[in-house]
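The values are calculated or read from the model by the stated rules, or taken from the named source; none is laboratory data. Just so we're clear, the structure is a prediction, and the values are computed from it rather than from any experiment. Here Cβ is always computed from backbone atoms with ideal geometry, including for glycine, and neighbour counts include all displayed protein chains. Areas reflect the complete protein model, heavy atoms only, side chains present, ligands, DNA and RNA absent. Shrake-Rupley method; radii C 1.70, N 1.55, O 1.52, S 1.80 Å.
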Amino acid sequence: MSFLELRILDIIDILLVAILLYYVYRLVKGSAAINIFIGIVIIYLVWKLTQLLQMEMLSSILGQFIGAGMFALIVVFQQEIRKFLLMVGSTNFGSRRNFLRQFKFNKNNGNQLETDFKSIIKACQKMGQNNTGALIVIKRNTSLDFIKSSGDSMRIKVNQPIIESVFYPNSPLHDGAMIIEDNTITATRVILPVSNDRNIPLRFGLRHRAAIGITEKTDAVALVVSEETGHTSYIKDGSFDLYDDLEELEKKLEEDLS
Ligand SMILES: Nc1ncnc2c1ncn2[C@@H]1O[C@H](COP(=O)(O)OP(=O)(O)OP(=O)(O)O)[C@@H](O)[C@H]1O
C-alpha cells in the first residue's frame, strides 16, 4: 500500500496537473478537439492504472501508444498548443498590481484607474437605440497586447461621446473591436479570435463569436451591441452573462472590474 502515501509535493503536483487540464479543457471546449482530448485523458488514466496494478503487457502496449501518440498530438493540436502558449506568455505575472489584484489585496486602493463603466454602458445603450453595432473588450489581468497589434493603437480616456463616435457606422474606426485598459481606449479596429464553440446559437454572428473567443482565451470581459436587435450582451469567461436591467449590468461590471 506504499503507493497510497501522499506527500505535500504530491498534492501540489495533482493540483498543478488539475489546473493544466482545466486550461487545456477551456481551450478545446466546444471544438471537435474536445472529443480527442477526452479520449487521450481516458487512455492516459487507463495506462497509469495498468502501471499501478503492474499489468505489464497492457501497460507496455499503452505506453508505446502514448509515446508515439505525442508526436501525432502535436500535429493534431497545433492550433490549440499555439493558443495555449499565447495564453501563458501573455499573462502579465510581472505586474505587482495585477498580481495583488488576483488576491484583491489592493481593492479600492485609490491609485488604480477605476474603469468608467457607467459611461461605457450609457454609450452601449445609446448605440443600441440607434441600432449601431459595437464590440468593446475591457482588460482585467491578462495582457491583451497580442491582439492589439491587429488594430490601430490610441490613447484616449474613456468617455461616452468618443465611444459612440468610434462605432458610428461611417466612422473609419467602427469595424472590429475597441480595447479598454485602465479606463483608457488603447486600440480600435482590433480583430479578435473567433470562438469555435458549436453551442452558440446561430442567430449570433461573428461579432458575438469574437467576444466569446477573446473571453475564452483571456480573463477580459466584453460588451457587444447588436446591430440587428440593439441589445447589449455582457460576455465573460466565454459565455453570455445574463442580466435583467441596466442596474444589474452596472453592478456586474462594478464587481468584475474592481
Ligand atoms: N473577429 C472579429 N474581431 C473583431 N470584430 C469582428 C470580428 N468578426 C466580426 N467583427 C465585427 O462584427 C461585424 C459583423 O458582425 P455580424 O453581423 O457577423 O455579427 P453579429 O454577432 O450577428 O452581430 P449583430 O447582431 O450586430 O449583427 C463586423 O462588421 C465587424 O465589425
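Values computed for the structure shown
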read-out: Segment 2-76, accessible area per residue, ligands and nucleic acids excluded (1.4 Å, Å²); value: 77 Å²
read-out: CD proxy at 222 nm, helix term only [per DSSP H run n ≥ 4: -39500 (n - 2.57); per residue of the chain; nearest 500]; value: -16000 deg cm²/dmol
read-out: Principal axis dimensions, segment 2-76 - Cα atoms, whole angstrom, descending; value: 40, 32, 17
read-out: Contact order relative to length of the chain, as percent, for alpha carbon pairs under 8 angstrom and 6 or more apart; value: 18 percent
read-out: Peptide ranges 55-62, 131-138 listed from the most packed, as the mean C-beta count within 10 angstrom indicates; value: 131-138, 55-62
read-out: Listed residues 166, 24, 75, 46 arranged by accessible area, highest first, probe 1.4 Å; value: 75, 46, 24, 166
read-out: Residue 145 accessible area, 1.4 Å probe, all protein chains in place, Å² to nearest 10; value: 90 Å²
read-out: Over segment 196-258: Rg over Rh, Cα atoms, Kirkwood Rh; value: 0.96
read-out: Among 188-194, 210-216, 178-184, the order from most to least packed when residues are scored by Cβ within 10 Å on average; value: 210-216, 178-184, 188-194
read-out: Heavy-atom accessible surface of the chain: percent carbon and sulfur, 1.4 Å; value: 60 percent
read-out: Cα-based shape type of segment 109-186, given that a ≥ b ≥ c are square roots of the gyration tensor eigenvalues and the cut on a/c is 1.5; value: oblate
read-out: Over 32 Å (Cα to Cα) - which of 217/252; 48/236; 48/139 fall in this group; value: 48/236; 48/139
read-out: Reach of residue 118 by Cα under 19 Å, taken over aspartates and glutamates that are not fewer than 8 positions away in the same chain; value: 164, 181, 182, 241, 244, 245, 247, 248, 250, 254, 255, 256
read-out: Most to least accessible of 208, 174, 231 (protein chains only, probe 1.4 Å); value: 231, 174, 208
read-out: The chain, Rg to Rh (Cα coordinates; Rh as Kirkwood inverse mean 1/r); value: 1.07
read-out: Percentage, to the nearest whole number, of Cα pairs in segment 113-257 over 23 Å apart; value: 24 percent
